[in-house]
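Asks: Before we start, here is the structure in question, set down as structure tokens.
The values are calculated or read from the model by the stated rules, or taken from the named source; none is laboratory data. From a predicted model like this one, the values you see are computed outputs, not experimental measurements. Every residue, glycine as well, gets a Cβ built from its backbone with ideal geometry; the counts of neighbours run over all protein chains shown. To get the accessible areas, we keep the full protein, side chains included, count just its heavy atoms, and leave off ligands, DNA and RNA. Shrake-Rupley method; radii C 1.70, N 1.55, O 1.52, S 1.80 Å.
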Amino acid sequence: MKATEAKLLGFIKKSPQFAIPIYQRTYSWTERECKQLWDDILRTGRNEKIPAHFIGSIVYIEKGLYQVSSQEPLLVIDGQQRLTTVNLLIEVLARHLGDKEPVDGFSAKKLRSYYLLNPLEDKERRYKLLLSQTDKSSLLALIEQRDLPKDHSIRIKENFEFFENEVAALGDDLPILCKGLAKLMIVDISLGRDQDNPQLIFESMNSTGRELTQADLIRNFILMGLENQLQTRLYEQYWRPMEVAFGQEAYSTHFDGFMRHYLTVKTGEIPNVREVYEAFKTYARNPQVTQAGVEALVADIHTFSGYFCAMALNTESDKDLKAAFHDLRELKVDVAYPFLLELYHDYTIKLFPKADFLDAVRLIESYVFRRVVSAIPTNSMNKTFATFSKALKKDRYLESIQAHFLLLPSYRRFPDDEEFKREIRMRDLYNFRSRSYWLRRLENYNRKERVPVDEYTIEHILPQNENLSVAWKTALGEEWEKVQKTWLHTLGNLTLTGYNSEYSDRPFIEKRDMKGGFSESPLKLNQGLGALEKWNEDSIRQRAEKLSGEAVTVWVSPRLDADVLNAYRPKAAATTNYTIEDHSHLVTGPMRELFEVFRKEVLALDPCVTEEVLKLYIAYKAETNFVDVVPQAKRLRLSLNMAFYEIDDPKKLCKDVTGIGRWGNGDAEVGLSSLEELPYVMGLVRQSLEKQMSNESTE
């Protein structure tokens, strides 16, 4: 490697050509980065005391020599964003300068001949900078002053227009821009193909501008080290179609998430969101993956990306599945994508009939919506879906999905019909995160002619206005304030209308009978309102009861015969035949009294908590042990099943027992000697249970 300081314009001028390898990400700077560069250039150009402005490094591969002397293109490893942006700015400046040369060397002819073109060369050798794919044709069109292609680069177009506006606003102050450009400095870093490892250098780069995404690093890891012909074929056959399928904007925002879901499917572990690249390298170096070869790996990623685009980016062609995926997106069920990717794959290989696949997608939707309505914390759902496939019996696919949902423990449970009906009747659904979603689903369920809910607004039948009219107060009775507060935003009082402004705060009878009123409404949600004579607490309750009954058919729960479900239940663990009395320190005395109080508190933490008495300790479990009790003569020694560094222990009572032999599970140990210590110790125990339930370490 050789690194030298250089003026950017001089470096571009003496270089024959820069080429962006096909495996590099596309041009991604936004107006924010362009404005930062623009401001830096003007600030430097205006101040003669500033001799230079450093904008980062340009790292490139040469085929042989370290100096820029060959006519071969320089393959840019880092610096594409800066080179492209400066090219755009120079083209804009050249158009505004014309024949003028306000600063020596800055005329349209010289700018294009020195920094944009190789005037004596033909075809692609004519251009100083060759980008890849869509970016390439867009930049060359601008430099040749032609119209942009139909499928142009959004970033190239937007940033060119940004500079066009900024340069035009300078008016006669163009010399400031010229001087600022002349002061730009870089570090010129050339790599030898044989001596240097471009991938390692690429990974270590964190230069100014937009940070490399996990997907950028993964793509380069796969393609950078390959022979050129294979590299080009794999990119054009697999990777480029993925980028096109995602779209220019969605690729940068969704591809990292897709790769995280893909790795979860393949490994059964959820990568940390900031360590997807490291997780991918570990997966790619797995002997089974390496044995299959790099093309098989890239082809598999391409295949699964198609499933993801169908579900997450609305490219599904089947109308029934398309509608189901749309509903999932409205609920923002990203955590379910690993499981859905596996289901989609099995559907495409005919292991899973479409009808069953559709039912499974709707069960996932119901599971998520019922839990949100029932106010069950959602932090365990990523773990639920990441591990769901372990429960599948693919010869009884849908049945095994239904059984697993029904057997999930309490904190991950699928709310049953009674719980769901009870909660949806009382929940504030107006301030729900996706209120148009649930109204649309209720309105359009089993309708062949779907109602475009977006064309309607949400109507509070009992108005929101705190200063209700006399008519409304009379209708609601003496406790009208309590009734309004309790039922205002709930299921029974909410509907859809196209006449929201006309309804205003009118009495119910007027809303019912006016033109476009409830009596004339074609909406299913408004059925029955036209037959009512009054609207009060009883009316709201009755409508909520009716709609909640419909809701359990829209958001359906799994249904299996008891004997079928019992076949899926885990085999009961062999009983140990140990009792509390087998622990000598718990037979009688103060430790037994303390233990009984502790025992009651732990079992009350959650209905899913169970107790198992073993020979040497007593275990308390949700899915696995979260606290183990080893009775001793003067205290209860508790093992908390979590890493020591994860526990929040301001009193510093816990002891780090990592790597030390002991009875019980976990790396944190704490003693309990008296009832006075119990509240604090239970706070520590609760952390261990919540840790198991939430799977927080993957976020």
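Asks: Name the one entry in Ala375, Ala336 that is in a loop (DSSP other than H, G, I, E, B) and either in contact with a Phe, Trp or Tyr (Cβ under 9 Å, 6 or more places away or on another chain) or modelled with pLDDT under 95 (or both). Show your work before the answer.
Replies: On the way: Ala336 fails: in a loop (DSSP other than H, G, I, E, B).
None of the others qualify; the one that does is Ala375.
Asks: Continuing with the same structure: Within segment 399-434, which residues are among the charged types (D, E, K, R), free of Cβ contacts under 8 Å to residues at least 60 places away in the same chain and open to solvent by less than 30 Å² (accessible area, probe 1.4 Å)?
Replies: The answer is Glu419, and nothing else.
Asks: Of everything in segment 81-126 that's farther than 15 Å from Leu9 by Cα, of a type outside the set (D, E, K, R) and open to solvent by 10 Å² or more (accessible area, probe 1.4 Å), which residue is modelled with the lowest pLDDT?
Replies: Gly98
Asks: Could you tell me whether segment 9-28 includes any residue that is in a helix (DSSP H, G or I), over 17 Å from Gly79 (Cα atoms) and at pLDDT 90 or above? Full working, then the answer.
Replies: At the first step, the residues of segment 9-28 found to be in a helix (DSSP H, G or I) are 9-14.
Still in the list and also over 17 Å from Gly79 (Cα atoms): none.
No, that holds for no residue.
Asks: For segment 114-168, enumerate the residues that are among the polar types (S, T, N, Q) and at positive phi.
Replies: Passing the criteria: Gln133, Gln145.
Asks: Could I ask something else about it? Could you list, ordered by first residue, the pairs with Cβ atoms under 6 Å in which the first is in segment 294-309 and under 13 Å from Tyr337 (Cα atoms) and the second is open to solvent by 20 Å² or more (accessible area, probe 1.4 Å) and outside any helix (DSSP H, G or I), at least 6 apart or interchain?
Replies: So the pair list comes out as Cys309/Thr315.
Asks: Has segment 368-375 got at least one residue that is more than 23 Å from the chain's Cα centre (by Cα) and closer than 17 Å to Pro409 by Cα? Even if it seems obvious, please write down each step before you answer.
Replies: From segment 368-375, those more than 23 Å from the chain's Cα centre (by Cα) are 374; that's our starting set.
Filter once more, keeping what is closer than 17 Å to Pro409 by Cα: 374.
Within segment 368-375 (the criterion being more than 23 Å from the chain's Cα centre (by Cα) and closer than 17 Å to Pro409 by Cα), the answer is yes, since at least one residue qualifies.
Asks: Could you tell me which residue of segment 533-566 is farthest from Leu476 (Cα to Cα), considering only residues that are charged (D, E, K, R) and part of a loop (DSSP other than H, G, I, E, B)? Lay out the reasoning, then the answer.
Replies: Keep residues of segment 533-566 that are charged (D, E, K, R), which gives 533-534, 537-538, 541, 543, 545-546, 550, 559, 561, 563.
Restricting the remaining residues to those that are part of a loop (DSSP other than H, G, I, E, B) gives 533-534, 559, 561.
Details: Glu533: 13, Lys534: 9, Arg559: 41, Asp561: 45 Å.
My answer is Asp561.
Asks: Could you tell me whether Val609 is surrounded by fewer than 20 Cβ atoms within 10 Å (Cβ to Cβ), of a type in the set (A, V, I, L, M, F, W, C) and more than 30 Å from Thr384 (Cα to Cα)?
Replies: Values: surrounded by fewer than 20 Cβ atoms within 10 Å (Cβ to Cβ): yes; of a type in the set (A, V, I, L, M, F, W, C): yes; more than 30 Å from Thr384 (Cα to Cα): no.
So Val609 does not fit the description; no.
Asks: Considering only residues that are assigned to a helix (DSSP H, G or I) and open to solvent by 20 Å² or more (accessible area, probe 1.4 Å), look in segment 29-44 and name the one that is farthest from Thr213 (Cα to Cα). Explain how you work it out, then say what you get.
Replies: Applying the first criterion (assigned to a helix (DSSP H, G or I)) to segment 29-44 yields 31-44.
Those still in the list that are open to solvent by 20 Å² or more (accessible area, probe 1.4 Å) too: 31-32, 35-36, 39-40, 43.
Details: Glu31: 18, Arg32: 17, Lys35: 21, Gln36: 20, Asp39: 26, Asp40: 25, Arg43: 30 Å.
Here the residue is Arg43.
Asks: A further question on this structure: If Ile461 satisfies every condition in (1) open to solvent by less than 20 Å² (accessible area, probe 1.4 Å); (2) closer than 30 Å to Val265 by Cα but one, which is the exception?
Replies: (2)
Asks: So, one more: Give the residues of segment 625-654 that are surrounded by 14 or more Cβ atoms within 10 Å (Cβ to Cβ), over 20 Å from Val602 (Cβ atoms) and not aromatic (Phe, Trp, Tyr), sorted by residue number.
Replies: The answer is Ala643, and nothing else.
Asks: Consider only pairs whose beta carbons are under 8 Å apart and that are at least six residues apart or on different chains; among these, list those whose first residue lies in segment 127-138 and is free of Cβ contacts under 8 Å to residues at least 24 places away in the same chain and closer than 13 Å to Ile154 by Cβ and whose second residue is assigned to a helix (DSSP H, G or I) and among the basic types (Lys, Arg).
Replies: Ser138/Lys157
Asks: Somewhere in segment 391-414, is a residue in a helix (DSSP H, G or I), in contact with an Asp or Glu (Cβ under 7 Å, 6 or more places away or on another chain), at pLDDT below 90 and within 25 Å of Asn566 (Cβ to Cβ)?
Replies: Scanning segment 391-414 turns up at least one residue that is in a helix (DSSP H, G or I), in contact with an Asp or Glu (Cβ under 7 Å, 6 or more places away or on another chain), at pLDDT below 90 and within 25 Å of Asn566 (Cβ to Cβ).
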